[in-house]
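All remarks here apply to the structure that follows.
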Amino acid sequence: NEPLLSEIDRQFGQRFLFWLRGKGLSQAYTYKTFTLLTEVLNYALMEKLITSNELRYVKIRYEKPEKTIHLTLDFLVKIANYNFASDKLNRVKDLFLMQCYCGVSFSDLPQITRDSIYSDLGYRWIGIYRKKTNIRATILLSSEAETILLKYSYCLPVISNQKYNSYLKEVAGIL
């Protein structure tokens, strides 16, 4: 049963926080969700739909996430020049480099084939429809990206996103 606004008290707030944290959600998402519920109750209080908002007494701390580390050009060059002992890690490296060179998501990589490449205005281009949005993207094909495509005869290796992320962590651990 869903509680009425008037039934949401401090105990409910603590149970709700416990439930959110138990779902394995990020601390930022948990904070945002709980804050949104508190704001809804504040609005209900202002509109005199409820007589009090006890969630304001439930303490929830927001901790800033760790500082984001950005990929530098130097590190990208280091990745590109590194030859891994494992073929699978070299394939993952190539997929990652294609994402960097073309600015596409992992889910768009399988669309980059010989048929998606064309020439116009003296340049080579990739024309694909983004998987997530179905919007056409026209991407300049760099020589680095074309070198990778040639290596795989214009048919990039396909692996699951889960395996890709796992192997990518291995790549980062080695470098």
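Based on DSSP H segments of at least four residues, each scored -39500 (n - 2.57), the chain has a per-residue ellipticity at 222 nm of -15000 deg cm²/dmol. What is the calculated FRET efficiency for LEU150 to SER26, with r their C-beta to C-beta distance and R₀ = 45 Å, to the nearest 0.05? Working from the Cβ atoms, E equals 0.65.
Quick one: how many lysine pairs in segment 76-171 have C-alpha atoms under 14 angstrom apart, if they're 8 or more apart or on different chains? Present the calculation step by step, with values, prior to reporting the outcome.
Numbers: LYS78/LYS93; LYS88/LYS163; LYS88/LYS169; LYS93/LYS151; LYS93/LYS163; LYS93/LYS169.
The result is 6.
Enter the angle in degrees (range 0 to 90, nearest 10) between the Cα long axis of helix 27-46 and the first principal axis of the Cα atoms of the chain, meaning the one along which they spread out most. With both axes taken from Cα atoms, the answer is about 40 degrees. So which residue, out of LYS78, LYS64, LYS48, gets the largest mean-square fluctuation from a GNM of the chain using Cα contacts under 10 Å as springs? Largest GNM mean-square fluctuation: LYS48.
When you work out D = kT/(6 pi eta Rh) for the chain at 4 °C and 1.567 mPa s, using the Kirkwood radius from C-alpha pairs as Rh and the Stokes-Einstein form, the result is 63 µm²/s. GNM remark for the chain: springs join alpha carbons under 10 Å apart, and the peak mean-square fluctuation among THR33, THR72, THR113 falls on THR33. Modelled this way, with points 7 Å down the Cα-to-C-beta line, the labels at GLN11 and TYR43 are 2.8 nm from one another. Over segment 125-172, the fraction of Cα-Cα pairs per 5 Å bin, rounded to whole percents and listed from the shortest bin up, is 5, 16, 14, 21, 27, 15, 2.
Only protein atoms count toward the accessible area here, which uses a 1.4 Å probe; on segment 1-86, the carbon and sulfur part of that area reaches 55 percent. Treating the angle as unsigned and between 0 and 90°, give the value, to the nearest 10°, between the Cα long axis of helix 10-22 and the longest Cα principal axis of the chain. Helix 10-22 sits at roughly 20 degrees to that axis.
Once the Cβ-Cβ distance of LEU140 and TYR62 is raised to the sixth power relative to R0 = 35 Å, the FRET efficiency obtained is 0.30.
Please identify, among LEU37, LEU109, LEU95, the residue showing maximal mean-square fluctuation in a Gaussian network model of the chain using a 10 angstrom Cα cutoff. For the chain, modelled as a Gaussian network with Cα springs under 10 Å, the answer is LEU37. The magnitude of the dipole of segment 40-100, with charges of +1 and -1 set on the Cβ of Lys/Arg and Asp/Glu and taken from the Cα centre, is near 120 debye.
In the full protein context, segment 105-168 carries 65 Å² of accessible surface per residue, based on a 1.4 Å probe and ignoring ligands, DNA and RNA.
Given a 1.4 Å probe and heavy atoms of the protein chains only, how would you sort LEU25, LEU76, largest accessible area at the top? The partial results should precede the final answer.
Values: LEU25 70, LEU76 25 Å².
Ranked list, largest accessible area first: LEU25, LEU76.
For segment 19-102, the relative contact order is 22 percent, taking Cα pairs closer than 8 Å that sit 6 or more residues apart in sequence and dividing their mean separation by the residue count.
For ARG124, the amide hydrogen comes within under 5 Å of the amide hydrogens of LEU141, counting only partners 5 or more places away or on other chains and with H modelled in the peptide plane.
Computed from backbone phi with θ = phi - 60° and the Karplus coefficients 6.51, -1.76 and 1.60, the 3J(HN,Hα) list for segment 99-113 is 4, 5, 5, 9, x, 10, 7, 4, 5, 8, 4, x, 6, 7, 9 Hz; x is used for glycine and proline.
The values are calculated or read from the model by the stated rules, or taken from the named source; none is laboratory data. Just so it is clear, the model here is predicted, and its values are computed rather than measured. Because the Cβ atoms are built from the backbone with ideal geometry, glycine has one as well, and the counts that use them run over all protein chains shown. SASA here: full protein model, heavy atoms, side chains in, ligands and nucleic acids out. Shrake-Rupley method; radii C 1.70, N 1.55, O 1.52, S 1.80 Å.
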